[in-house]
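K.L.:
Quick one: structure below, then a few questions.
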Amino acid sequence: MPFDPQSLRYDDKGLIPAIAQDHATGEVLMMAWMNAEAVARTLATGNVTYWSRSRQAFWVKGEVSGHVQRLVDFRVDCDRDCLLVLVDQTGPACHTNRRSCFYTAVRDGREIELMRPEA
């Protein structure tokens, strides 16, 4: 059956959350938003493309920074309202220059920084 990006369940702004995970290590790298066109562009090009809510524009991950996400596998969850993109990540995924956006843990009521920015 052919995939139709319109078959996904988008929110009232036409967006769906997309979790990026390193295909080799399983590490969760980041979460961002896609709309139907970003989904289509990602599948057509293999370059993971998101929708920037702040800029109201498409952004291809790594287009400016060089920290590219190449699509390895594209998965839809059971409710069709969340995506998992398995990627080959070049460099840090986070705009803070860390490997993952999930670099802060809360343990015993305190925030712990798990990783420093890459040099």
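The values are calculated or read from the model by the stated rules, or taken from the named source; none is laboratory data. Nothing here was measured: the structure is a model prediction, and the numbers come from that model. Reconstructed Cβ throughout: ideal geometry from the backbone, glycine too, with neighbour counts over all protein chains shown.
K.L.:
I need the full set of residues from region 58-89 which are basic (Lys, Arg) and either touching a Phe, Trp or Tyr at 6+ places or on another chain (Cβ under 6 Å) or closer than 10 Å to residue 18 by Cα (or both), in order please. Can you show your working first?
P.N.:
Going residue by residue through region 58-89, those that are basic (Lys, Arg) are 61, 70, 75, 80.
Hit for region 58-89 is 75, nothing else.
K.L.:
Could you list, in sequence order, the residues of region 12-43 that are touching a residue at least 60 places away in the same chain (Cβ under 8 Å) and of a type in the set (D, E, K, R)?
P.N.:
Across region 12-43, the qualifying residues are 22, 27.
K.L.:
Okay, next question. Kindly indicate which of 39, 87 is in a helix (DSSP H, G or I) and under 12 Å from the mean Cα position of the chain (by Cα). Steps first, please.
P.N.:
Details: 87 fails: in a helix (DSSP H, G or I).
Criteria check complete, one pass: 39.
K.L.:
Would you confirm whether or not region 92-111 contains a residue that is at pLDDT 95 or above, in contact with a Lys or Arg (Cβ under 9 Å, 6 or more places away or on another chain) and outside any loop (DSSP other than H, G, I, E, B)?
P.N.:
No, region 92-111 contains no residue that is at pLDDT 95 or above, in contact with a Lys or Arg (Cβ under 9 Å, 6 or more places away or on another chain) and outside any loop (DSSP other than H, G, I, E, B).
K.L.:
Checking residue 54 against (1) touching a helix residue (DSSP H, G or I) at 6+ places or on another chain (Cβ under 6 Å); (2) more than 22 Å from residue 4 (Cα to Cα): exactly one of these is not met. Which one?
P.N.:
Failed condition: (1).
K.L.:
Which members of region 1-41 meet the condition of being in contact with a strand residue (DSSP E or B) (Cβ under 7 Å, 6 or more places away or on another chain), crowded, with 16+ Cβ neighbours inside 10 Å and over 12 Å from residue 86 (Cβ atoms)?
P.N.:
Once the filter is applied, which keeps residues that are in contact with a strand residue (DSSP E or B) (Cβ under 7 Å, 6 or more places away or on another chain), crowded, with 16+ Cβ neighbours inside 10 Å and over 12 Å from residue 86 (Cβ atoms), region 1-41 yields 8, 10, 15, 16, 30, 32, 33, 34, 35, 38, 41.
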